[in-house]
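The structure appears right after this line, and notes come after that.
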Amino acid sequence: MGNGTKSAEHLTHEDSRYEAVRSRDARFDGAFFFAVETTGIYCRPSCPAVTPKRRNVRFFATAAAAQGSGFRACRRCRPDAVPGSADWNVRADVVGRAMRLIGDGVVDREGVAGLAGRLGYSARQVQRQLTAELGAGPVALARAQRAHTARVLLQTTGLPVTEIAFASGFASVRQFNDTIRAVYAATPSGLRAAAPARDRASRRTATPSAGIPLRLAHRGRYQAGPVFDLLQREAVAGVEEVSGVPGRRVYRRTLRLPYGTGIVAVDERPGLPGTGSGGWLDARLHLTDLRDLTTSVQRLRRLFDLDADPYAVDERLGADPRLAPLVAARPGLRSPGAADPDELAVRALVGREEAERLVQRYGKTLDAPCGTLTHLFPEPAVLAGAEPYGTPGALAAALADGAVRLDPGADRDDAEHALLAVPGVDARTAAVVRTRALGDPDVAPPDHAVPDTWRPWRSYALNHLRAAGEWEHR
């Protein structure tokens with residue numbers, strides 16, 4: 001009976017997914033993928049192509065799983081370009097933490113052993129859990145991510161193919177060529193030639209010095225205004241700036257990355273992202289080392305909360321009498337994260353003015369400053385050595401020696417406990433760090449009671465109250 005019940009549930013689940021494909025429902029882009037056995041192609045649910053017959057369709061949790069089963073990416077809907085599954089932001093288990101680390105490029109830099117070490121599991125356990133739930137292990141998931149990075153560089157820049165191979169994280173040109181053929185059924189040069197017209201136009205000016213143009217996709221509506229308002233209030237001189245008028249602002253900041261440094265510009269992009277089916281933010285990345293492309297993109301996605309599921313958030317919060325009019329006024333409101341979790345923790349503790357002093361005194365000066373962007377935010381080890389006293393020094397030391405871990409794979413509960421063990425760090429600061437640096441969507445303020453009916457989106461609920469002026473900004 002148990003097996004029969006499981007099979008029935010599985011069939012019902014897949015039938016629901018097929019209905020999403022049949023209706024081309026963009027809400028599920030990135031949540032799952034479907035493949036067509038008669039064509040050998042996999043797509044996003046909203047693919048505009050003719051809907052295949054149900055008997056020919058297979059479903060996969062990840063693009064990597066579809067690729068591992070021999071399917072190649074659809075050239076029409078480009079399923080590798082969808083927003084990431086919102087599950088990886090929400091989930092606190094080992095699979096969610098692993099996916100956040102893979103997105104940050106840990107497998108490319110440290111291998112599966114490095115990924116497992118950060119998670120506190122053996123490599124075999126990580127492989128087993130990811131394969132059982134997602135249909136692909138960490139190597140395959142990282143390979144799919146490298147292929148996507150390579151496609152972006154091939155179609156939006158004029159960089160030599162050999163340079164793109166290593167910038168994407170491939171160990172050899174042969175491995176790069178084989179992967180591109182397997183995933184896209186094309187050679188690298190063929191994939192470049194097949195680029196959409198807008199990508200071909202940008203390719204003429206896209207170089208490392210001019211920057212790499214990107215479209216950072218999101219699902220559903222996106223309220224850019226409140227996000228840019230927050231970034232403008234918090235901007236630390238030397239590291240960040242926000243220019244332009246509301247509705248057409250540009251956010252720029254410096255980035256410390258694993259292989260080098262970067263400067264990014266992101267446009268507020270009014271209008272189009274208000275559509276219900278999704279949209280994107282335009283960005284341009286200037287990197288000293290192209291191997292940092294994947295990592296920098298993922299950090300921007302976390303900062304702007306681009307992988308969120310606004311449909312689920314708005315449905316839950318919109319059912320609350322107090323929040324309903326606020327959700328109706330700002331559908332798709334996001335909960336911004338952080339481009340650098342350690343930096344965010346220090347800034348949450350000391351405030352904007354003190355952060356600016358630390359930047360000017362201890363921040364590393366860029367080799368090539370760009371306008372008002374002149375420094376990187378100082379690393380925790382530098383701060384701990386320069387000003388070891390008081391709560392800021394204690395926090396910097398804890399970040400530097402790993403007593404407090406805020407990387408994408410950190411356990412949120414462990415991180416909060418470690419923060420509260422730092423002398424002088426209070427519960428309110430820890431809550432800000434948990435919300436922003438660790439991307440927890442369900443953080444309640446420590447000094448106020450909020451309804452349990454707002455779970456698991458209490459971070460978003462508070463952002464609605466702040467945007468409406470009903471909660472103090474912090």
Just give me the residues in segment 433-463 being surrounded by 20 or more Cβ atoms within 10 Å (Cβ to Cβ) and in a helix (DSSP H, G or I), in sequence order. 433, 434, 435, 436, 454, 458, 459, 460, 461, 462, 463
Filter result for residue 96 (among the small types (Gly, Ala, Ser) and free of Cβ contacts under 8 Å to residues at least 24 places away in the same chain): yes
Any pair with Cβ under 6 angstrom, 6 or more apart, that starts in segment 435-455 at a residue that is modelled with pLDDT of 90 or more and ends at one that is part of a loop (DSSP other than H, G, I, E, B) and among the basic types (Lys, Arg): 442/455
Which residue pairs have Cβ atoms under 7 Å apart, sit 6 or more places apart or on different chains, and have a first residue in segment 318-344 that is at positive phi and a second that is assigned to a loop (DSSP other than H, G, I, E, B) and hydroxyl-bearing (Ser, Thr, Tyr)? 332/222
Considering only helices (runs of 4 or more DSSP H) wholly within segment 41-108, the ones with at least 1 residues that are touching a helix residue (DSSP H, G or I) at 6+ places or on another chain (Cβ under 6 Å) and crowded, with 24+ Cβ neighbours inside 10 Å are 63-68, 94-103
I'd like to check something: does segment 143-159 contain any residue that is over 27 Å from residue 125 (Cα atoms), more than 23 Å from the chain's Cα centre (by Cα) and surrounded by fewer than 24 Cβ atoms within 10 Å (Cβ to Cβ)? yes
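Every residue, every condition in (1) in a helix (DSSP H, G or I); (2) among the charged types (D, E, K, R); (3) crowded, with 22+ Cβ neighbours inside 10 Å; (4) more than 18 Å from the chain's Cα centre (by Cα), yes or no:
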| position | (1), (2), (3), (4) |
| --- | --- |
| 325 | yes, no, no, yes |
| 335 | no, no, yes, no |
| 347 | yes, yes, yes, yes |
| 360 | yes, no, no, yes |
Yes/no for residue 390 being more than 22 Å from residue 100 (Cβ to Cβ), without any contact (Cβ under 8 Å) to a residue 60 or more places away in the chain and surrounded by fewer than 14 Cβ atoms within 10 Å (Cβ to Cβ): yes
Give me the pairs: first residue in segment 277-305 and open to solvent by 10 Å² or more (accessible area, probe 1.4 Å), second residue among the acidic types (Asp, Glu) and not in a strand (DSSP E or B), beta-carbon distance under 6 Å, and six or more apart or on different chains, which are they? 298/104; 301/307
Of the residues 319, 265, only one is part of a loop (DSSP other than H, G, I, E, B), open to solvent by 10 Å² or more (accessible area, probe 1.4 Å) and of a type in the set (A, V, I, L, M, F, W, C); which? 319
Determine whether residue 373 is more than 30 Å from residue 319 (Cβ to Cβ) and hydrophobic (A, V, I, L, M, F, W, C). yes
State all residues of segment 121-139 that are touching a residue at least 60 places away in the same chain (Cβ under 8 Å) and open to solvent by 40 Å² or more (accessible area, probe 1.4 Å); if no residue qualifies, say none. 133, 135
For the structure I just gave you, tell me whether residue 372 is within 19 Å of residue 242 (Cα to Cα), open to solvent by 50 Å² or more (accessible area, probe 1.4 Å) and either within 21 Å of the chain's Cα centre (by Cα) or not aliphatic (A, V, I, L, M) (or both). yes
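The values are calculated or read from the model by the stated rules, or taken from the named source; none is laboratory data. These figures come from a predicted structure and were not determined experimentally. Because the Cβ atoms are built from the backbone with ideal geometry, glycine has one as well, and the counts that use them run over all protein chains shown. When the accessible area is computed, the model is the full protein with side chains, heavy atoms only, and any ligands, DNA or RNA have been set aside. Shrake-Rupley method; radii C 1.70, N 1.55, O 1.52, S 1.80 Å.
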